[in-house]
Amino acid sequence: MEGQIGDLEVEKHVQYILSVEKRKDNFESVVMEHLRMNGAYWGLTTLDLLGKLDMVDEDEIISWVMECQHESGGFGGNVGHDPHILYTLSAVQVLALFDKLNVLDIDKVSNYIAGLQNEDGSFSGDMWGEIDTRFSYIAICSLSLLQRLDKINVEKAVNYIVSCKNLDGGFGCTPGAESHAGQIFCCVSALALTGSLHHVDKDLLGWWLCERQVKSGALNGRPEKLPDVCYSWWVLSSLIMIDRAHWIDKEKLIKFILDCQDKENGGISDRPDDAVDVFHTYFGVAGLAHLEYPGLKAVDPAYALPVDVVNRIFFSR
Amino acid sequence: MHGRPRKAPKPEDAAASAAKAEKLRALQSQLLHNHHNQIYTKEALEISAKLLEANPESYTAWNYRKLAVEHNLSHSESDPDTVKSIFSEELRVVENSLKQNFKSYGAWHHRKWVLSKGHSSVDHELQLLDRFQRADSRNFHAWNYRRFIAALKGIPDEEELKYTTKLIETNFSNYSAWHNRSVLLSHLLQNKVKGFFPKEKVLVEEYEFVHQALFTDPDDQSGWFYHLWLLDQTVKPETPLLVSTWPAHGSDIIVSAEGCLDGRALSPFTSFHSDAGTFPLILYFNEAVEGVNSSTVTVKSVFTENKDLVWKPLATSKSCAAQAWVTHLNVPDVKLHPSTAYPIEVNLGDSQGIISLSGSHCSHPSRFAFTVCVQPLSSKHAERQSVEMILWRDVNFHFYDAHVQESSPIAYFDRLSIKKDHEPAASKWHAKTLVNEIALVRQLLSEIDCKIGKLTLARLLMAHDAMVSYMAPHSHKKVHSEEVLQLYSDLMELDPMHSQYYKEAQSLVLLQQVTSNRESLLKHCCHHRVSTSSSVGNSVCLRLNNLSLSRIGCVEQLLWVQMLDLSHNELRSIDGLEAMQLLSFLNLSHNKLSSFTALEPLRLLKLLKVLDISYNEIGAHPVDTRRYLCSSPLSHTVGSDWNFNEFVPDDAKVTNYWEAFAIFRGFNLTQLDIVGNAITDEKFKSFLIKVLPTLKWVDGEELH
């Protein structure tokens, strides 16, 4: 029908996610085995946003999550894989969804994360020392959820992130690195969670971000690159946190995301008619939630969890 | 995960996929087994190499290889050839993995790890990087690795700059190269490296360079973003500057506790009514600064000792930096002579200490002086303490009678802005460059209708106007406002997806027009008079209603405002209002405020008594875009006085209530209008009344 926005195939996407959880034998699943913890976070958060978290076996998932914890306190991407800060955040987020953060030895996990902060305030991903502002965000986000932010030097962490600010208002992964929407999301979120958004030139960055919207209504990640549904999250969350989300055309973006659905088999892909995966399914649905698409729970732009999950942690008596 | 076409699975595909999966799974389990059992034989290493070539993202395998290297090194008796071959084998594995996925974080980090051990050829790395750049000039992994190698080898910035020149000359649409150029040039300029001083010479060359890009491919964004950076370097003052104060230089302020002053028509800009026995002193800078305190700012007055003054940044965050700063001077309780104009002098910039966020010091001394006359309360007035309800109806507003002159109080308008005679005039080069750029962009636009070109022209014209008004403050004529407003209207049609952005820019231009000279400003000033009362409140209201404003600006011209009507606009945020410290009466009804958190700036307005936020959109949106721009537990910015739980009724919807609590606690409002918002119901109203014990009227009803 002319003018109608189109439908979100909720049931199909739920079935798709449940099938991904079970399917372990095709090539795609094996190739992603090492990041199953991330996959669990993407799939389960999507289910929660769609109001269908009760369709999974909570106990089974939680015991698998805990099996992925290493003696150092960090979590690996799957059972037997080395610990890394990336999967530690996903583990914390998954437990938060189920309101089961109390199964953790909170200090043990927090100490693992805090131990990854370097002298200059930056964070390494693991003991091998790769530094990236993604890890700054992950450390701040997970420690906030665990309410142990005081275990790190927040001022230095913020200063390091600010040192990664570029002349176009954006942020890169290390000082001097080019602005990229994913890194911008990480840096802006980290600054948001530490009450430090005054370091962001909101007009300059807001304009750079809104210029990610191309003629089709989709968003790309940096100038002159191809659009991708996942930027509906990175760019949009960043715009929301600095209150410039109204600088893009929301209707057109909604239409683009809906066009990326596989309406027969469920799931959302990076671009229309490409293969779907749970990563893009999450970012598409979360993006729609940010765009106030009806029937979806609100999602917190910095914690990347449903707002009711976040409120439960920070506002319950 | 990206860019693979969607296709229906065919049975033969499923079988092939399952076979591949089997092989990969076998490699992974073997790798994990070897890793957990610390097996580092040649065969075991082969397995990990095979795994990483097939799946470079299997990060545990990279960790395993590092452990294997460390193990094998400690067993190799440091024979240099063996050591070298161990590391070159690692580089070989990385290169093969990068062929599979040239964006693998694990692969690039492994390479860095190897190189930092110091046994590998850096020159070889530069050749490798060249190949990657040619394959994909936007690969940021390669650029980051290049930066790492340049640092390792000590390649000077000038060399790397030449590299970006080479790349850009090959292809103008290389945002990554332009970005790196801006980083390198910033360093070279900042460090005043030989050949890169003076700054003006370098900028001229850069302008010429970027012009080629703009004319070759005007629709490519890369050049335009770089041009914007050059523009910023051209117009932004080197050091922070004081642009406005309240009281203004040369003004005569009357501080009184009652509105009744025997019918004298006073200038709205210079009279101030205070019940608190203090009055504010506001400093407004061109950018956010830190370090404003009684050592860096000296206030000479009979009212207060300078060293006792406490300066606060007017920032809606826990930041120590702000564009506007305020302190309060006490009016002493002693019987002062009522007609005496006491002089006050303020000096700043003599000593270092006030610095911008980017680290430049406010180094130009500024001085301003004004007088204060204290009007004591007469006993008659003291009795009539009653506060009256404000009705924002048109019938209660009367245009300011500009003919009633009272020793030309209006003349003070010109002195709202700081005298700039201490400041050496902005170099002619800056103004000339702007004029050149304007001409160039106009020329380009005559050949092609280019959205970003139009936007650049609008920005250039506004920058030019700002520079002119700075250099010649008394010629307030804004020559380009009309043209700029038209440009933004064109842009809204040319690029409707970003129309809200252009609309906000238009609001700022409009406000500039309104505040740029006294005639236009006075058109928006009205007396507010409640007709039933015989006593005349001398409230003067600035009425900026019904102007389609989607944004507030030019606050530096409005520091004197005590009563403000912004109703019937399209405001989503009120950022900027926090500097208007005299504000006591504020009307924000019929706007687009969608959350209480948007009202955070009001928390800094200690004199605010009357607030109308009726007919907005509070409670109508599930998404709160101000959530992290206000103090809350979510961003760890509340103090120990956060006693939210004491105020919330048991079955309340937590979300909405905490936001209202965060904003309103500690306010001394006497009147609040809130009807017409989705959130308002009786339960919510009673919650608000608990949080605001000083309220006398809510939605027009008197409370008891």
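The values are calculated or read from the model by the stated rules, or taken from the named source; none is laboratory data. Because the structure is a prediction, the values reported are computed rather than measured. Cβ coordinates were reconstructed from backbone atoms using ideal geometry, including for glycine residues, and neighbour counts include every protein chain displayed.
Quick look at the numbers
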| read-out | value |
| --- | --- |
| Residue count for region A:47-82, restricted to those that are outside any helix (DSSP H, G or I), over 20 Å from the mean Cα position of the chain (by Cα) and of a type in the set (Gly, Ala, Ser) | 3 |
| Some residue of region A:279-290 being touching an Asp or Glu at 6+ places or on another chain (Cβ under 8 Å) and either within 11 Å of chain B (Cβ to nearest Cβ) or more than 25 Å from A:Glu21 (Cα to Cα) (or both) | yes |
| Answer residue from region B:420-452, given it is over 18 Å from B:Thr234 (Cα atoms) and surrounded by 15 or more Cβ atoms within 10 Å (Cβ to Cβ) and is modelled with the lowest pLDDT among those | B:Lys420 |
| Unique residue being away from chain A (no Cβ under 13 Å), surrounded by 15 or more Cβ atoms within 10 Å (Cβ to Cβ) and part of a helix (DSSP H, G or I) when the list is B:His211, B:His227, B:His179 | B:His211 |
| Tally of residues being of a type outside the set (Lys, Arg) and in contact with a Cys (Cβ under 9 Å, 6 or more places away or on another chain) across region B:602-620 | 0 |
| Members of region B:289-330 found to be within 30 Å of the chain's Cα centre (by Cα) and among the hydroxyl-bearing types (Ser, Thr, Tyr), listed by number | B:Ser294, B:Ser295, B:Thr296, B:Thr298, B:Thr316, B:Ser317, B:Ser319, B:Thr327 |
| Region A:122-149: number of residues that are outside any helix (DSSP H, G or I) and either out of contact with any Ser or Thr (no Cβ under 8 Å at 6 or more places or on another chain) or within 12 Å of another protein chain (Cβ to nearest Cβ) (or both) | 11 |
| Condition met for A:Phe75 (aromatic (Phe, Trp, Tyr) and more than 12 Å from every other protein chain (Cβ to nearest Cβ)) | yes |
| Those residues of region B:115-151 which are within 12 Å of chain A (Cβ to nearest Cβ) and either outside any loop (DSSP other than H, G, I, E, B) or hydrophobic (A, V, I, L, M, F, W, C) (or both), in sequence order | B:Phe140, B:His141, B:Ala142, B:Trp143, B:Asn144, B:Tyr145, B:Arg146, B:Arg147, B:Phe148, B:Ala150, B:Ala151 |
| Test: residue in region B:103-110 that is surrounded by fewer than 18 Cβ atoms within 10 Å (Cβ to Cβ) and either at pLDDT 90 or above or among the polar types (S, T, N, Q) (or both) | yes |
| Residue list for region A:98-111, restricted to those being surrounded by 22 or more Cβ atoms within 10 Å (Cβ to Cβ) and not small (Gly, Ala, Ser) | A:Val109 |
| Meets criteria (assigned to a helix (DSSP H, G or I), of a type in the set (Phe, Trp, Tyr) and over 25 Å from A:Met127 (Cα atoms)) for A:Tyr16 | yes |
| Residue satisfying all of: in region A:287-317; among the acidic types (Asp, Glu) and assigned to a loop (DSSP other than H, G, I, E, B); nearest to A:Asp259 (Cα to Cα) among these | A:Glu292 |
| Subset of region A:144-160 [of a type outside the set (Lys, Arg) and closer than 21 Å to A:Val200 by Cβ] | A:Ser144, A:Leu149, A:Ile152, A:Asn153, A:Val154, A:Glu155, A:Ala157, A:Val158, A:Asn159, A:Tyr160 |
| Residue within region A:149-161 that is closer than 30 Å to B:Asn139 by Cα, touching a residue at least 24 places away in the same chain (Cβ under 8 Å) and small (Gly, Ala, Ser) present | yes |
| Residue ID - surrounded by the fewest Cβ atoms within 10 Å (Cβ to Cβ), chosen from residues in region B:655-680 that are in a loop (DSSP other than H, G, I, E, B), away from every other protein chain (no Cβ under 14 Å) and aliphatic (A, V, I, L, M) | B:Val675 |
| Condition met for B:Val479 (assigned to a loop (DSSP other than H, G, I, E, B), among the hydrophobic types (A, V, I, L, M, F, W, C) and either surrounded by fewer than 20 Cβ atoms within 10 Å (Cβ to Cβ) or modelled with pLDDT under 80 (or both)) | yes |
| Enumeration of residues in region B:130-162 that are among the aromatic types (Phe, Trp, Tyr) and under 24 Å from A:Lys225 (Cα atoms) | B:Phe132, B:Phe140, B:Trp143, B:Tyr145 |
| Subset of region A:58-72 (residues that are surrounded by 20 or more Cβ atoms within 10 Å (Cβ to Cβ) and farther than 18 Å from B:Leu32 by Cβ) | A:Val65 |
| Enumerated helices (runs of 4 or more DSSP H) restricted to region B:1-108, each holding at least 3 residues that are of a type outside the set (S, T, N, Q) and within 12 Å of another protein chain (Cβ to nearest Cβ) | B:11-36, B:42-54, B:59-74 |
